[in-house]
Structure formats: structure tokens, C-alpha cells
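Below is one structure, written out as C-alpha cells; comments come after it.
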Number of protein chains: 2
Amino acid sequence: MTPAGAWTNDWREAPGAVERALMAYFNDHASRFAYGELFEPLYHDLAEFTCRRGKRLRPLLFLASYRALGGTRPWNDPGIISGAVALEFLHAFILIHDDVIDRSDRRRNGPSFHKLVEERLGKLSGREMVGRNTAIVMGDFLFALALDALARTDFPEPVRAAAQGRFYQCLADTGAGEAQDILLAARDISRVTEEEIAQMYRWKTTQYTFEAPLLLGGLLAGVSVEVLETLKPAIEPLGLAFQIENDLAEFARVDPTQPGRSTDLIEGKKTLLIHRAYERLTELDRSFLQMCLNSSSLTEGSVLKVRELVRKSGAVQELRAECEKLRAEAHICLQHTPLDDAQKAGLLHALDLCRSNTAAETV
Amino acid sequence: MTPAGAWTNDWREAPGAVERALMAYFNDHASRFAYGELFEPLYHDLAEFTCRRGKRLRPLLFLASYRALGGTRPWNDPGIISGAVALEFLHAFILIHDDVIDRSDRRRNGPSFHKLVEERLGKLSGREMVGRNTAIVMGDFLFALALDALARTDFPEPVRAAAQGRFYQCLADTGAGEAQDILLAARDISRVTEEEIAQMYRWKTTQYTFEAPLLLGGLLAGVSVEVLETLKPAIEPLGLAFQIENDLAEFARVDPTQPGRSTDLIEGKKTLLIHRAYERLTELDRSFLQMCLNSSSLTEGSVLKVRELVRKSGAVQELRAECEKLRAEAHICLQHTPLDDAQKAGLLHALDLCRSNTAAETV
């Protein structure tokens, strides 16, 4: 029931094909986007930022889903790899706007995009604002590039409209989820429910990280929209587990000696981890956590104490166990789809491959 | 050689059809975008902001171009009016991000979008930041809605890809133009050339305000891409004249008693008007203008003096005369296209209709 050996061998080439395609897009289209000497360094920074080492989870899931569901064309086929490029561009665009919103200085072991722009401006007064503003519009520019790349993907004609529609719906979901994220961060934790956080994860993360890549890969392989719809119950728990693990990893990186880098805490982000910890703390500890989440800057001592509180609450272990359950649930849901055995085995294999390929990375 | 009477009669219905379609989109799709009680007021604000009284220049140019170039379907045909909705959504999305970037509080006789969000937050600390951040992602959300509306437009199948490609290129151009705008604003005026400003206008304004509506309208009417390409030399001067007149109108509204509202001056925006005035001033007056453009806040006295300097430079009259020349140039270029006489007359008529319909409005 495991997929053919050729599938696995071929897979080794996928990550390299994605990297080459990302770089090739920026090189091949440089003359279309030659807007003069002021823009040129921005284009260069955008290429560097987008091609910087990252997990490539979304493009890889897309390619793996395509192959698992019956697609046979080689990875470097322009009509295939363009879909992968579109998904990574979409992700990079979201990261650029996210970093402006969260005032994060670092991304993927380098400066965030607005910081790259700021650094180019030297000692100019107001350069922080110029950096952020430029990042907003360069994010929009990259959004356009994602659409351009998607349009180069060879979806079979009867489902092309469905593929594009899926992509647009997922863009809308992501925007709505990000808005929910910002509004929940601004609300006192005592007034936030776990269900609101889970919804936010579904819209903000699951849609564009799992649903769009898996469904678009399937559409490209020629699987019908109706069959792909049956994958959704399996996708939902996968997305939730992914975001929870992301939060756990983010929390593990909290460094009290650099309180300014704990942007999730400073922004008062309502993650499931923070919420679960809050629920399990005593009244006194709750008040302290509440106060820290509502404050716009934190001392080393406060970050240290928040870390201790979350650790002692037991929320980390609890959520880790839940992630295992969610993945098991996804596997069971997958078994109940009308896919054939080879397709099911292929998808499971694809998910494992993407997971192991990306486990070591941070973003 | 003037178009048939029916064309003109029918046109009276176009502005109303656009308004109804904008409102109908938000109503008809409310259940698709029902992301819970936190999001609902944002969706409501987005609908109010987008449907607020405006010139509707882009949707009207699109519809006029469609009819002038041979399209015969009624305005309320869903496959036609969706293109108009897409162009107005695109414009509203750009306005939302622009107002965040320029920190403008007002738009179309009401609060800008980030101010709407901020007002809903009451006395919450940090509400300004929450308003701006929410506006960034809600702008992205509206971008997705624009794409969704565009996908509902009935472009004839052989040119659908060309229409979408044109739209994406125009999105990229607009982003690049906005980036150029921000970077020129950050540069001292003595280091900015008129050519750099004219380029910025072409990318930032002409593409999505004139080229996209006119070309998309033509494609929908069934005119070939090749023929539509010949319109570009006529479109270029139209866009430049439009942006210059926009700057002149903006300048006429400068109110020294409210220096905080002169956001173009405070942001140091390099308009052709400001640049032309600078070129014509004495050394001493230049230094003063330069200082004001580089300052991040202005007094009533400074705004008053800048207004006097620009007025006495003669740049206003000079640019007004240039706009007339640019429009005449556009008319001549249009005569040199391979369109037939009725199409040429129709397009000229269309441009006049849109101009008179929008002359009284501000945005």
C-alpha cells in the first residue's frame, strides 16, 4: 500500500526545484518590473527576502499533493512549479505585512522586510516610518506577483476557475483571520474564548497553509472538486495542530534577556497556549499574566515570570498531547474519503515527507 | 460621427447600476464572509467605506469603454457589472492602504478606514495602532474581493487570460508606483527630477485609473489585444493630466487653519506642482519650501507661506495649461489608432461623460 519507489526518489528533487523556481521568477521577470533606479534595490531586497531559507511548507505540500493524487509531470515543468511559486509568494507577502503589524525586526534569520528597507535609508530621519510604509506597498506588489505566478499554472481548463476561486476565498479567509488575530490581541484575555482562537487559526493559517496547497495540488492532478471537498475534515485538525505546534515553538524561543523580541507577548497575542495557561492559573497568577498581555513593553523579569507561569500551568504538555490526537483524527478522516488506497497512502506519505523536511526550520 | 442616441440615453443608467452593484456585492456575499461577531462590524465598515459617495471614475470608464467599443449588454448584466465592481474595490483597497501610509484621518467626507476601526474601539489604549493594523489586513481582504469580482466578469474565453494578466500587471505597477511615491517623499526635493515624478504618476495612477478600465472594457467588448495596445499613447497623457489636476485640486483645498490636514505637505510628497514651484522660486524661498517638506509637522504660518510661495511661482497656471495640451495630445493619438470612426467618437464621448460626471467630486 506504500507508493511506488519512484515517487519517493523523485521527491528528493522537489525542494531544490522550488528554490530554483523562486529565484528564477525574480530573474526572469526583472525586465518586466524594471521601474527605475529607486525601485531596483527594493526588488532586490524582495527577492532576497522571499528566497531566504525557509520551510517551504506550502509549495512542498502542493507538489506532494499533486504527485500523491496522480500527477506525473516533472517538478520543473513550468505549469506545475508556478503553483508552488505562487503559494510561497503568498506566504512571503503575508509575512511582510505581519512583521509590519507586529513590529517584528527579525524573520528567517535576517532582518524583516521593513527593516531591510530601513537599513538602506541610512541615517534619514523618519526612516522607520518609511520602512514600514514601503513594506506595506511592496507586500501588495508581491501579492500581484503571486497572482501572476498562479496564472502560469496549468490547471485543466474545466477546473481553472475553481482553482482561482479557491485561491481568492483563501486570501479572504486569511485577511479575516488576521483581523480576528489583531482584535483578539486588543481584547482582555478574560473576554476571549478558546473557540474564538480556534476559529482564528482556521481562517488565518489552515486555509492557506493546508487547504489551498492540498486542494490546488489535487485540482492540478485532475481530481474533481467534489472528491477534494471530502478532504476538508482531515485538513481542519492538521491545520490546528500545525498552528499549536508553531505557538509552542515560538514560546520555546522566548528569551527573557531580550524582552523586546517577545513580540507575541508584547502585542498581547491570544494563542491557545496562553489562553490554556491562563485558564489553569490561580487568580493571582492570572492577574499578572493579564497585566503583561495588556502592557506594551515588558521587562526581563516579567518575561521570565510569564515563562515560568506558562510552564508550571501544564498547558504545554496538554497541548502537545492534543496535537497528537489531532493528527490521529486527520488520519482517520483521510481513511473515510473516497480516494483510492494508493492516493490515501500517497497523501499520508506526502504529509510525513513535508513534516520531516520542515521540522528543523522555524518559519 | 457622434454615437447613436441610444448610447447616450443608456449611459444615464450606468452610475446607478454601479452603486447598486457595489452594495449588492456586500449583501449577496455576506454569508460567505460571516466570520463571527468580531468580524461583522469590520465587514459593515468596509461596505460603508467602499460604497460611500465617490467619483466611480474607474468603473464608469470601464463601462463606457465597453459600450463605446461595441459592447451591447445592459449595465446590470452580472458578467459586465462585476468588472466595474472589481475596479472600484481595487481603488478602495488602495485608498485604505494609502490612508494608513499617509496617516490621513479623512476620506470621501468621512473617517478614513483605520479611523472607522479606531472609533469602534472606544477608549482602548493602543487603539490607533490597532486601527492601522486592522486596516492593513482589511485592505488585503478587499483586494481578495476585487479578484473574486473580476473572476465573475464574462471576458470572452480566448482573452480571459489576457484580461487577468493585464489586471495583475496593473496591480504590480501600482505597488511599484506607490513605493516610488514613498521613496521620493523621503528624498530632498533638490535631488528629485520631474521625470521621476512623471514615472511615478504613470505607474501609480495611469495604470489602474485609465489603462486597466479602458483595456478591460475593450476586451469585454471583444476588441483584440493588438488593437487595444494602440490606445496606450492616448492613455498616457490622459493619466498624467488627471494626476496633475488631482494635485491642483488637493492644493486648492489646503487650509492653513488646519495644518494637520495638509498631509501631502507633511509627508513631503513630491508632486509635479510642488516640484515645478520649487524650480521657479528664488534660493531663499526654495530653502523655506525645502525645510517645510522635510519637517514632520507644520504650523499655520508655514502652511500659509507655502501656499503663497506656490501661488506666486506661477506653477499652477503653467500646469493647468499643460493639462489642456495633454488632453489635446490624447485626442490626436486616439485619431491615429486603427479604431473605426464610431468607436473613436464613442471613446471621446465616453471620456467626456466620465469627466463631467466626476468633475464635482473630490476622490
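The values are calculated or read from the model by the stated rules, or taken from the named source; none is laboratory data. Nothing here was measured: the structure is a model prediction, and the numbers come from that model. Cβ sites come from the backbone with ideal geometry, for glycine too, and all protein chains shown count toward neighbours. Quick note on the areas: whole protein, heavy atoms, side chains included, nothing else; ligands and nucleic acids left out. Shrake-Rupley method; radii C 1.70, N 1.55, O 1.52, S 1.80 Å.
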Is there a residue being closer than 28 Å to B:ILE235 by Cα and surrounded by fewer than 18 Cβ atoms within 10 Å (Cβ to Cβ) anywhere in the range B:80-91? no
What's the total number of residues in the range B:118-151 that are within 28 Å of B:SER31 (Cα to Cα), more than 8 Å from every other protein chain (Cβ to nearest Cβ), free of Cβ contacts under 8 Å to residues at least 40 places away in the same chain and hydrophobic (A, V, I, L, M, F, W, C)? 1
Test result for A:LEU142, under 22 Å from the mean Cα position of the chain (by Cα) and either β-branched (Val, Ile, Thr) or open to solvent by 10 Å² or more (accessible area, probe 1.4 Å) (or both): no
Would you confirm, using the coordinates I've provided, whether A:ALA161 is without any contact (Cβ under 8 Å) to a residue 40 or more places away in the chain and either more than 10 Å from chain B (Cβ to nearest Cβ) or over 13 Å from A:ALA212 (Cβ atoms) (or both)? yes
Failed item in (1) open to solvent by 40 Å² or more (accessible area, probe 1.4 Å); (2) more than 25 Å from A:ALA21 (Cβ to Cβ); (3) more than 7 Å from every other protein chain (Cβ to nearest Cβ), with A:ASP154 passing the rest: (2)
Would you check if A:THR174 is polar (S, T, N, Q) and more than 8 Å from chain B (Cβ to nearest Cβ)? no
Subset of the range A:18-36, residues more than 14 Å from chain B (Cβ to nearest Cβ) and in contact with a Cys (Cβ under 8 Å, 6 or more places away or on another chain), comes to A:GLU19, A:LEU22, A:MET23
Which residue out of A:ALA198, A:ALA144 is closer than 30 Å to B:LEU183 by Cβ and among the small types (Gly, Ala, Ser)? A:ALA144
A:ALA249: closer than 24 Å to A:THR337 by Cα and either assigned to a helix (DSSP H, G or I) or of a type in the set (Ser, Thr, Tyr) (or both), yes or no? no
Output for the range A:103-115, where each listed residue is in a helix (DSSP H, G or I) and surrounded by 23 or more Cβ atoms within 10 Å (Cβ to Cβ): A:PHE113, A:HIS114
Given the conditions (1) more than 14 Å from every other protein chain (Cβ to nearest Cβ); (2) closer than 30 Å to A:MET200 by Cβ; (3) more than 16 Å from the chain's Cα centre (by Cα); (4) not basic (Lys, Arg), which single one is not true for B:CYS51? (3)
Does B:VAL100 satisfy the condition of being within 14 Å of another protein chain (Cβ to nearest Cβ), of a type in the set (Val, Ile, Thr), part of a helix (DSSP H, G or I) and touching a residue at least 60 places away in the same chain (Cβ under 8 Å)? no
Looking at this structure, is A:ARG12 surrounded by 13 or more Cβ atoms within 10 Å (Cβ to Cβ) and more than 14 Å from chain B (Cβ to nearest Cβ)? no
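So that you can scan it fast, the table gives a plain yes or no per residue for (1) closer than 20 Å to A:ASP102 by Cα; (2) at pLDDT 95 or above; (3) among the small types (Gly, Ala, Ser); (4) out of contact with any helix residue (DSSP H, G or I) (no Cβ under 6 Å at 6 or more places or on another chain):
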| residue | (1), (2), (3), (4) |
| --- | --- |
| A:ILE182 | yes, yes, no, no |
| A:MET200 | yes, yes, no, no |
| A:PHE210 | no, yes, no, no |
| A:PRO213 | no, yes, no, no |
| A:VAL225 | no, no, no, no |
Expected single match for surrounded by fewer than 23 Cβ atoms within 10 Å (Cβ to Cβ), in a helix (DSSP H, G or I) and modelled with pLDDT of 95 or more among B:TYR66, B:TYR25, B:TYR35, B:TYR43 is B:TYR43
Test: A:THR174 is modelled with pLDDT of 95 or more, among the polar types (S, T, N, Q) and surrounded by 20 or more Cβ atoms within 10 Å (Cβ to Cβ): yes
May I ask you to verify whether B:GLN164 is surrounded by fewer than 24 Cβ atoms within 10 Å (Cβ to Cβ), within 26 Å of A:ALA146 (Cβ to Cβ) and modelled with pLDDT of 95 or more? no
Flag if A:GLU194 is touching a residue at least 12 places away in the same chain (Cβ under 8 Å), more than 11 Å from chain B (Cβ to nearest Cβ) and not aromatic (Phe, Trp, Tyr): yes
Single residue of B:ALA249, B:ALA241 found to be touching a residue at least 60 places away in the same chain (Cβ under 8 Å) and in contact with a Lys or Arg (Cβ under 6 Å, 6 or more places away or on another chain): B:ALA241
Going through (1) open to solvent by less than 30 Å² (accessible area, probe 1.4 Å); (2) within 30 Å of B:MET200 (Cα to Cα) one by one, A:ARG58 fails only at (2)
Which of the numbered conditions does B:MET200 fail, given that it passes all the others? Conditions: (1) surrounded by fewer than 20 Cβ atoms within 10 Å (Cβ to Cβ); (2) part of a helix (DSSP H, G or I). (1)
Confirm whether B:LEU240 is in a helix (DSSP H, G or I), of a type outside the set (Lys, Arg) and under 13 Å from the mean Cα position of the chain (by Cα). yes
Among the candidates B:LEU42, B:LEU61, single out the residue that is of a type in the set (A, V, I, L, M) and within 24 Å of B:ASP181 (Cβ to Cβ). B:LEU61
